[in-house]
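The structure appears right after this line, and notes come after that.
The values are calculated or read from the model by the stated rules, or taken from the named source; none is laboratory data. The structure presented is a predicted model; accordingly, all values stated were derived computationally and were not measured. In this analysis, Cβ positions are derived from the backbone assuming ideal geometry, glycine residues included, and neighbour counts consider all displayed protein chains.
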Amino acid sequence: MYDIIIIGSGPAGLSAAIYGQRARLSVLVIEKQPMSGGQIINTYDVDNYPGLPGIGGFELAAKMRAHADALGAKFVTEEVRFAELSGEEKIIRTDAGEYRTKTVVIATGAVHRKLSVPGEDALLGRGVSYCATCDGAFFRGKETAVVGGGDVALEDALFLARACSRVYVIHRRDEFRGAKVLQEKVFAAENITVLWDTVVDEICGEEQVEALSLENRKTGEKQKLPVQGVFVAVGIVPNTGLFDGALKTDEAGYICAGEDGATSLPGVFAAGDVRTKQLRQIVTAAADGANAITSVERYLNQQMSK
């Protein structure tokens, strides 16, 4: 019987493991992949984590994992198949066994919806990005493109326009879905060009992004657009399928949980990109892990006093 089982080993899960060990609780981290770090292991440079400017995502993940290891956190590489979360004793079944715990911290993260075109995976971190606020600073004075038409895409375009020489917004429809106030700002920006009814067929480049192969969906016209960076903003999908129907979620599927990480079930907490929140960054995920353990401690103390 563990005090805490943490599902997921991205920044939120690793932070929770560190804080859990420091609180002298028995901690088990279940990670699906053989390498800790979540999405950040695929990030070439992390330039906004306080105190570590320019560190590689792989290196940052390794440091976080080493910190948890040094404190004695236990890790297993297994895939969770079933979670019984409603009782005081939580049961987690994986492809390799069954674990019992008093509390659960869900840190399964979210994944960016991809374009699924040639060159996207090969050039990830080399001009392909899913986060303008994370990587935009690397493209100062360069020409970039944003793919999408919702609020995030428009906000990304406006953010990039402050530093980039030209920003192209590529949208598959003939009107945006984003807020009108954002649309007005995009249309008013002198260095933002909108390409309507257009899709990306391929992201081109050898070592870095060099151009986009585009097609107009209405006319069939094809063109190659020279850019040094492309920011994909076509949605984020939370990894919550395992908990469908068990926990309260918002309309997008994120687990409803505030800064304390408390979910709709007692003893179950959510941390990182998987929960409802304004900003999804490494630093906020790490903070979520710490907050979740504070809530775990409070919950365990309340259970003991009953």
#### Entry: Enumeration of residues in segment 24-48 that are within 26 Å of Arg93 (Cβ to Cβ), surrounded by fewer than 21 Cβ atoms within 10 Å (Cβ to Cβ) and at pLDDT 95 or above
Leu25, Ser26, Leu28
### Task
For segment 250-260, indicate whether the set of residues that are among the small types (Gly, Ala, Ser) and loosely packed, with under 14 Cβ neighbours inside 10 Å is non-empty.
yes
### Task
Restricting attention to segment 157-178, report how many residues are buried (at least 23 other Cβ atoms within 10 Å of the Cβ) and touching a helix residue (DSSP H, G or I) at 6+ places or on another chain (Cβ under 7 Å).
5
### Task
May I ask you to say which residue of Tyr130, Tyr168 is touching a His at 6+ places or on another chain (Cβ under 6 Å) and at negative phi?
Tyr130
### Query
Filter segment 274-283 for residues that are modelled with pLDDT of 95 or more and buried (at least 24 other Cβ atoms within 10 Å of the Cβ); which is nearest to Ala61 (Cα to Cα)?
Val274
### Query
Can you name every residue in segment 49-66 that is in contact (Cβ under 8 Å) with a residue 40 or more places away in the chain and surrounded by fewer than 16 Cβ atoms within 10 Å (Cβ to Cβ)?
Pro50
#### Entry: Enumerated strands (runs of 3 or more DSSP E) restricted to segment 1-114, each holding at least 3 residues that are under 16 Å from the mean Cα position of the chain (by Cα) and within 19 Å of Pro238 (Cα to Cα)
110-112
### Message
Taking the criterion of being touching a residue at least 12 places away in the same chain (Cβ under 8 Å), over 22 Å from Ala132 (Cα atoms) and crowded, with 16+ Cβ neighbours inside 10 Å, would at least one residue in segment 220-241 satisfy it?
### Response
yes
